[in-house]
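S.K.: Below is the structure I would like to discuss, written out as structure tokens.
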Amino acid sequence: MLVFEGLFFSYSRVDVLKNITFSAPSGEVCALLGPNGCGKSTLLKCAAGVLAPQAGTIRYKGEGPGGLRCSPHREGLTAYMPQAQAPPPCSVFDAVLLGRKRHMNFRACKRDLEKTEEAIHLTSISDIALKRCDNLSGGELQKVVLARSLAQEPKVLLLDEPTNHLDLKNQVEMMKLIKNITEKLNIITIAAIHDMNLAVKYAAKFVMIKSGEIFADSNILAVTKENIDSLYSVDSKIYDIDGGKIIAIN
């Protein structure tokens, strides 16, 4: 479980995160929801150690009584996938192998190569492993970036809009991959997601942020018309279809 307690962060004295407190369990996708500028990306950067919060703590708690409690990024437990990355001028295999950097000494060992192959297999990109990254489509490249994150052997996977700039087919494929990998590896996955319909289909926990504060923190019960309308300043309708929710905006 990843635990956020009383997190505060400011840019130039402007409060961006205010007393953020919630927890994200392993084995399921936790969706960060909220309008642009609400603090989702900043929260992920704080969890990844890219930014240092002015107050509060982020702790990883291992399973079992008295399990490991530590700062996740300092212990090398997190992998962070930002919104956009330029394709590296190398093969897919080498790009994924770069995820092993913090585990390497001077050269890749057998375990590094095995974990690279495992990440490539998990993300279903074995067929393009020898292609150059700068010759890939947007959907293929996003899978390579995900594979590179998984090669780090993270306990916590932090994803900032993983479906950004992808077409509908690739959005669905990416979210399916993320959900299946999260469950298979029993890791903690926190993803900032803009598409509410993708969120309700593939996430199990929903943390809604409004103006830098926690607006709602729950399971699918948090996804109500009242919450969506207030969070995004829209007029929505929610339909129950085939056991799932479909959100439409009037």
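Readers should treat all values here as calculations from the given coordinates under stated rules, not as data from a laboratory. From a predicted model like this one, the values you see are computed outputs, not experimental measurements. Cβ atoms come from the backbone with ideal geometry, glycine included; neighbour counts cover every protein chain shown.
S.K.: For the chain, what value does the Rg/Rh ratio take when both radii are computed over Cα atoms and Rh is the Kirkwood radius, given to two decimals?
M.R.: So for the chain, dividing Rg by the Kirkwood Rh gives 0.97.
S.K.: For Lys201, list the aspartates and glutamates whose Cα falls under 13 Å from its own Cα; do not include residues on the same chain fewer than 8 positions away.
M.R.: Here the aspartates and glutamates satisfying the reach criterion relative to Lys201 are Glu28, Glu173, Asp240, Asp242.
S.K.: Report the relative contact order of segment 123-237, percent, no decimals, based on alpha-carbon pairs under 8 angstrom and at least 6 residues apart.
M.R.: Relative contact order comes out at 18 percent.
S.K.: Assuming a ≥ b ≥ c are the square roots of the Cα gyration tensor eigenvalues, decide whether segment 183-250 counts as rounded (a/c under 1.5), prolate (otherwise, with a/b larger than b/c) or oblate.
M.R.: It is oblate, given that a/c is not under 1.5 and a/b is not larger than b/c.
S.K.: Continuing with the same structure: Return the single residue from Ile188, Ile125, Ile58 with maximal mean-square fluctuation; model: Gaussian network over the chain, springs between Cα atoms under 10 Å.
M.R.: Top of the fluctuation ranking is Ile125.
S.K.: Per DSSP H run of at least 4 residues, take -39500 (n - 2.57); add these up for the chain, divide by its residues and hand me the 222 nm value, nearest 500 deg cm²/dmol.
M.R.: It lands at -9000 deg cm²/dmol.
S.K.: Can you tell me which of Asn19, Asn164, Asn135 moves the most in a GNM of the chain? Springs connect C-alpha atoms under 10 Å apart.
M.R.: Maximum among the listed residues: Asn135.
S.K.: So, one more: Between Thr42, Thr189, Thr21, which gets the highest mean-square fluctuation from a Gaussian network model of the chain, Cα cutoff 10 Å?
M.R.: In this elastic network of the chain, the residue with the biggest mean-square fluctuation among Thr42, Thr189, Thr21 is Thr21.
S.K.: Could you pull out the pairs from Lys176/Lys245; Lys115/Lys169; Lys18/Lys237; Lys61/Lys176; Lys110/Lys176 whose alpha carbons sit more than 23 Å apart here?
M.R.: Distance filter (> 23 Å) returns Lys115/Lys169; Lys18/Lys237; Lys61/Lys176; Lys110/Lys176.
S.K.: Ok, one more. Need the C-alpha centroid separation for segment 90-120 versus segment 190-250, integer Å.
M.R.: Taking the Cα centre of each part, segment 90-120 and segment 190-250 sit 37 Å apart.
S.K.: Let me ask something additional. Count charges around His103 for me, please; just the other residues with Cβ under 11 Å from its Cβ, Lys/Arg as +1, Asp/Glu as -1.
M.R.: +3
S.K.: Equivalent-ellipsoid semi-axes (√(5λ), Cα gyration tensor) for segment 85-153, whole Å, largest first?
M.R.: For segment 85-153, the ellipsoid semi-axes come out as 19, 12, 10 Å.
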